[in-house]
Amino acid sequence: MKKLLLAASLACLSLVAAGAERPRLVAKDGRHALLVDGKPFLILGAQAHNSSNYPAALKGVWDAANDLKANTVLMPVAWEQVEPQEGRFDFSFVDTLVKQARQQKKRLVILWFATWKNTSAQYTPEWVKLNPKRFPAMLDADGKPSYALSPFGTETLKHDQRAFVALMGHLKAIDSTERTVLMVQVQNEPGVFGLVRDFGPAAQAAFEQPVPAAVLARQKPKAAATGTWRQVYGDYADEYFHAWAVARYIGEVAAAGRAAYDLPMYVNNALRDPLEQPPKPWNKNFAAGGPTWDVIDIYKAAAPAIDIVAPDIYQPGSAQFNANLPLFQRPDNPLWVPEFGTQPSYGRFLYAMLGRGAIGVSPFGTDYFDYSNYPLGTLATDKTLVQPFERVYRMFAPIQRLWAQWAFEGRTQGIAEGDDRQPQQLDFPGWTAKLTYRMGRFGESAWGGEFTKPAAGTDEPTGGVAMAQISADEFIVIGQRVRVRMEPAAGTSGMMLRTEQGRFDAQGRWVMERVWNGDQVDYGLNLPAEPVMLKVKMGRVR
Ligand code: DGJ
């Protein structure tokens, strides 16, 4: 008996030592899930300001993340911070961060600010900044150094990589059991502004080489099937070459980091205009070499250790915002939006992103710090900063595992009210959701008079809805400021049988709070300014 008990407790111990399953990405039928503890997880993120990566700043980070109902905090860890002197590492902030995150019941995404942060070298240690011979800048066509570091700096790569490996090794040591850290961003918005590529000697020599086969296999040739970058890609050669050079560098940093501790890794992108179709050659209009949507294939070829190319969306117009989503959501690239602006108008886009199956979302600068990146974000630095996002997170937080599972199964869709305020629709197998905006909650505009006037409080577009088809004729509807009418698909007949307002409990069971009928359904389902969750049962007469 004693022996048996001992064996059982040893088995338990080894389970604990093995820890929770490692976070990882999985794909099926062109869709993606981030598995955390073995099950799909939806990142409801809160990205801290750039200078909140110090213990004294953390209270404002947790307070805001809690107010927001975020489940994950995205936090920079800077090279200058962990290796202030060459070869001497200090991970005390990482230790404090991980410990406090666990106390706050939050997960973490770590942002490695190193060779490139918004393209610049500002987060490199002083010993890097002050030694341009060892850590060279890119050169322009006249041989003049740029502000940004060269992706051909072999010492830069070696030392960035070494520090990153040390960070990943440290995370492995402190987090293999609890898995508080879910993913890692490698660099921040890499690329370069004002220059199309590096013209330094090593770069020039590489530029004159044939385009690598791995790139040719993915990024469609434009001028010739094989040859040098210029021969193959013509007017796009310089920017494609730079994307390859930056991607290869980041890929090497990431691969070494993953060999130390294998977590999902991604890069983030300062966008080019998604409405410029087809995209024209670089004309000083975006950061060349950054992971813009049109070079995702080059990043995939040159940086296989990077799982995701992610958009940072600071484009408040609905046409632009929405155009980015399909460009970054591909069978080989999960949709993950690690940054978007905190202007209140961005709140409604959460429905579009979560509805289309993003593995996660995160507004940027959601911690209480007396600083605002207005006009990208709101001027508010108090609780009103998080409100437009909390409103939506509040609905998804209790069902985040369910939603991630439904999204992975392809059951979900979502949409945000357009700037044009025009009707929209979502098509599901067998049913269509017809959506209209600015309507009152009672009556039809065809009745004339007061009924034709836009509803009070709808001067700005704030509507949105996300829906999950949980069985052939049943939907979960989450939304705000939208009128939803469910209609049978063309050529079929059907009707709404029952609409319940309610919520899911901690065990994932539906809890009905009231049935909507009469006035509440006669003019469609009119979702109010504060979001609601409905379970809608449709039916067909046999
Ligand atoms: C995008 C960057 O990735 C962020 O770190 C930050 O600088 C914002 N732009 C602007 O606030």
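The values are calculated or read from the model by the stated rules, or taken from the named source; none is laboratory data. For clarity, every value in this text was computed on a predicted model and none was experimentally measured. Backbone-built Cβ (ideal geometry, glycine too); neighbour counts: all protein chains shown. The area values use the complete protein model at the heavy-atom level, side chains included, leaving out ligands, DNA and RNA. Shrake-Rupley method; radii C 1.70, N 1.55, O 1.52, S 1.80 Å.
Out of ALA270, ALA254, which single residue is among the aliphatic types (A, V, I, L, M) and more than 16 Å from the ligand (Cβ to nearest atom)?
Of ALA270, ALA254, the one residue that is among the aliphatic types (A, V, I, L, M) and more than 16 Å from the ligand (Cβ to nearest atom) is ALA254.
Would you be able to tell me the number of residues in region 21-36 that are within 30 Å of PHE89 (Cα to Cα) and outside any strand (DSSP E or B)?
3
Within region 264-282, identify whether any single residue is charged (D, E, K, R) and closer than 23 Å to ARG391 by Cα, and answer yes or no.
No, that holds for no residue.
Here are some conditions: (1) more than 16 Å from the ligand (Cβ to nearest atom); (2) in contact (Cβ under 8 Å) with a residue 40 or more places away in the chain; (3) farther than 28 Å from GLU155 by Cβ; (4) surrounded by fewer than 22 Cβ atoms within 10 Å (Cβ to Cβ). LYS99 meets all but one. Which one does it not meet?
With (1) more than 16 Å from the ligand (Cβ to nearest atom); (2) in contact (Cβ under 8 Å) with a residue 40 or more places away in the chain; (3) farther than 28 Å from GLU155 by Cβ; (4) surrounded by fewer than 22 Cβ atoms within 10 Å (Cβ to Cβ) applied to LYS99, the lone miss is (2).
Starting from residues that are of a type in the set (Ser, Thr, Tyr) and within 12 Å of the ligand (Cβ to nearest atom), keep the ones in region 368-377 and report whichever is least open to solvent (accessible area, probe 1.4 Å).
If we take residues in region 368-377 being of a type in the set (Ser, Thr, Tyr) and within 12 Å of the ligand (Cβ to nearest atom), then SER372 is least open to solvent (accessible area, probe 1.4 Å).
For region 156-177, which positions are in a helix (DSSP H, G or I) and either of a type in the set (Val, Ile, Thr) or in contact with a Pro (Cβ under 7 Å, 6 or more places away or on another chain) (or both)?
THR156, VAL165, ILE174
Which residue is farthest from PHE93 (Cα to Cα), if the candidates are limited to region 38-53 and must be away from the ligand (no atom under 15 Å from the Cβ) and aliphatic (A, V, I, L, M)?
That would be LEU42.
Residues in region 82-91: is at least one open to solvent by 30 Å² or more (accessible area, probe 1.4 Å), within 28 Å of the chain's Cα centre (by Cα) and either closer than 30 Å to THR292 by Cβ or away from the ligand (no atom under 16 Å from the Cβ) (or both)?
No, region 82-91 contains no residue that is open to solvent by 30 Å² or more (accessible area, probe 1.4 Å), within 28 Å of the chain's Cα centre (by Cα) and either closer than 30 Å to THR292 by Cβ or away from the ligand (no atom under 16 Å from the Cβ) (or both).
Just need a number here: residues in region 456-488 that are within 29 Å of the chain's Cα centre (by Cα), in contact (Cβ under 8 Å) with a residue 40 or more places away in the chain and in a loop (DSSP other than H, G, I, E, B).
Residues flagged as within 29 Å of the chain's Cα centre (by Cα), in contact (Cβ under 8 Å) with a residue 40 or more places away in the chain and in a loop (DSSP other than H, G, I, E, B) within region 456-488 amount to 5.
Can you tell which of ALA70, ALA56, ALA121, ALA137 is at pLDDT 95 or above, within 16 Å of the ligand (Cβ to nearest atom), of a type in the set (Gly, Ala, Ser) and on the phi < 0 side of the Ramachandran plot?
Selected residue: ALA121, the only one of ALA70, ALA56, ALA121, ALA137 that is at pLDDT 95 or above, within 16 Å of the ligand (Cβ to nearest atom), of a type in the set (Gly, Ala, Ser) and on the phi < 0 side of the Ramachandran plot.
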